[in-house]
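S.K.: Attaching a single structure in structure tokens format; questions to follow.
None of the figures in this text is laboratory data; all of them are computed from the coordinates on show. Worth saying up front: this structure is predicted, and the values here are computed from it rather than measured. Don't worry about glycine lacking a Cβ; one is built from the backbone with ideal geometry, like all the others, and counts go over all protein chains shown.
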Amino acid sequence: MKSEKDSKYIDLGERGKLNLKNKLNDLTGKEWIKFSKSWFIHTPPRRKEDEVLHPAKYPESLVEEFITFFTKENDFVLDPFLGTGSTLIAAGKVKRNGAGIELSENYYNTCLSRINKYGFENKLTPILGNSENIKELMIQNNIINKFDYVITSPPYWNQLERNSIRQKARKDKGLDTIYSETKSDIGNIKEYDEFIEKQAQIFDQVYDLLKDKGYLTIVTNNVYFKGKLFPLAYDTAISLTKRGSKSWILKDEKLWLQNDKPLIALGVNSAWVGNRHHQFCLIFRKEEEANALKSK
Ligand SMILES: C[S@@+](CC[C@H](N)C(=O)[O-])C[C@H]1O[C@@H](n2cnc3c(N)ncnc32)[C@H](O)[C@@H]1O
């Protein structure tokens, strides 16, 4: 006869045991522990033709892992900087619903056609617009429910403007080297501090769209520009924790190690310039109680 302790679990064989009281996801304890490591090496498959035009797409396989950890089946995922729609495609693949905002019509169209090709059963809504108006855009698109999880990769400040060797190779192939020329593209903000503040203002709105105790993952990086490192990942982490009643709780960083990127000669025989082959996945949580306590 099964004891009371045993009936809380379903044995999923190789995957391990699923605790029926798991509040966050549909993973077994074994899978949970595996994901909790603070770094991972992720080698994505080569990008397909319609995806390669975008200068900084993240792999669906990576997003899938995060979504699977931070949500349950049929939950709702949001991406305020949608690009070519990797987040929505990852969401569809693991049977979650989702919505996202993209400013560039080109990338929005790529996203639409990619989603249509898959024919997912879940509801996936890409929206063409400016994330500075994200709350308004959700109302206009009849999205009134709160999201369970947010994952996104905003522009890395002015990183694409740099005339790096990698950018030159893209230019030579006729591929995009910037997202767009419009002023509302936050990747076109010249001043670093202004970028940090604008980015934080958008996440203030995202805060209101996420359910309490929901998580937010931001994939970003520090940026080397004009001979020095701008600590964009660290400043992103700090700035979002200092937003008054909309302060996020920073929970962790998870490092994405890119072991497949070729090394290029940077500063050789002259000075230190690193080959940056990792990215930061910053993990935040919305905890209303913590903000309420602060205001007392
Ligand atoms: C790092 S890319 C995201 C790529 C995406 N994760 C993917 O896999 O395709 C950042 C995206 O933010 C978009 N963007 C920049 N400013 C925006 C804004 N104010 N509102 C909405 N999207 C914006 C850019 O056009 C770009 O596609």
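S.K.: What whole-number distance in Å separates the alpha-carbon centres of the range 258-296 and the range 82-120?
M.R.: Cα centroid of the range 258-296 versus Cα centroid of the range 82-120: 25 Å apart.
S.K.: What residue among Leu112, Leu216, Leu266 has the largest mean-square fluctuation in a Gaussian network model of the chain, using Cα springs under 10 Å?
M.R.: Maximum among the listed residues: Leu266.
S.K.: How long is the gain from Asn145 to Asn116 if the chain were fully straight, where each residue apart is worth 0.36 nm and the alpha carbon distance is subtracted?
M.R.: Going from the current span to full extension adds 8.1 nm.
S.K.: With label points built 7 Å along Cα→Cβ from the Cα atoms of Asn109 and Lys135, find their separation and express it in nm.
M.R.: Between Asn109 and Lys135, the label points sit 3.3 nm apart.
S.K.: Please check: in the Gaussian network model of the chain (C-alpha springs, under 10 Å), which one of Tyr215, Tyr224, Tyr108 has the largest mean-square fluctuation.
M.R.: Tyr224
S.K.: I would also like to ask the following. Taking only C-alpha pairs under 8 Å that are 6+ residues apart, what is the relative contact order of the range 46-294 in percent?
M.R.: Result for the range 46-294 is 17 percent.
S.K.: Another question about this same structure. Give the percent of DSSP beta bridges with both residues in the chain that are antiparallel, rounded to the nearest 5.
M.R.: Close to 50 percent.
S.K.: Cα centroids of the range 16-37 and the range 226-257: how far apart, whole angstrom?
M.R.: Comparing the Cα centres of the range 16-37 and the range 226-257, I get a distance of 27 Å.
S.K.: Here is a follow-up. Over the Cα atoms of the chain, what is the Rg over Rh ratio if Rh follows Kirkwood?
M.R.: With Rg and the Kirkwood Rh in hand, the quotient comes to 0.98.
S.K.: Taking the Cβ-Cβ separation of Asn275 and Leu250 as r and a Förster radius of 22 Å, what is the calculated FRET efficiency to the nearest 0.05?
M.R.: Computed FRET efficiency for Asn275 and Leu250 comes out at 0.20.
S.K.: Kindly state, to the nearest 0.05, the FRET efficiency for Trp32 paired with Lys211, given R0 = 22 Å and r defined as their beta-carbon distance.
M.R.: 0.60
S.K.: Of Ser61, Val77, Ala271, which is farthest along the charge dipole of the chain in the positive direction, counting Lys and Arg as +1 and Asp and Glu as -1 at C-beta?
M.R.: Of Ser61, Val77, Ala271, it is Ala271.
S.K.: To the nearest 20 debye, what charge dipole does the chain have about its Cα centre, counting +1 at the Cβ of each Lys and Arg and -1 at the Cβ of each Asp and Glu?
M.R.: For this selection, approximately 720 debye.
S.K.: Here's something else I'd like to know. Under a point-charge model restricted to the Cβ atoms of Lys and Arg (+1) and Asp and Glu (-1), what is the dipole moment magnitude of the range 169-269 relative to its Cα centre, in debye to the nearest 20?
M.R.: 160
S.K.: Would you list, by chain and number, the lysines whose Cα falls below 16 Å from the Cα of Lys173, excluding same-chain residues fewer than 8 positions away?
M.R.: Counting by Cα, and skipping residues close in sequence, Lys173 has these lysines nearby: Lys48.
S.K.: Longer than 32 Å from Cα to Cα, which of Lys198/Lys294; Lys17/Lys146; Lys30/Lys246; Lys8/Lys34; Lys198/Lys226 are they? Say none if no pair is.
M.R.: Check vs 32 Å cut-off fails for Lys30/Lys246.
S.K.: Among Asn122, Ile238, Thr182, flag the residue with its Cα farthest along the positive direction of the charge dipole of the chain, charges on Cβ as +1 for Lys/Arg and -1 for Asp/Glu.
M.R.: The residue sitting most towards the positive pole is Ile238.
S.K.: Another question about this same structure. Taking only Cα atoms and a 10 Å spring cutoff, compute GNM fluctuations for the chain and point out the largest among Asn158, Asn188, Asn141.
M.R.: Per the Cα network of the chain with a 10 Å cutoff, Asn141 tops the list.
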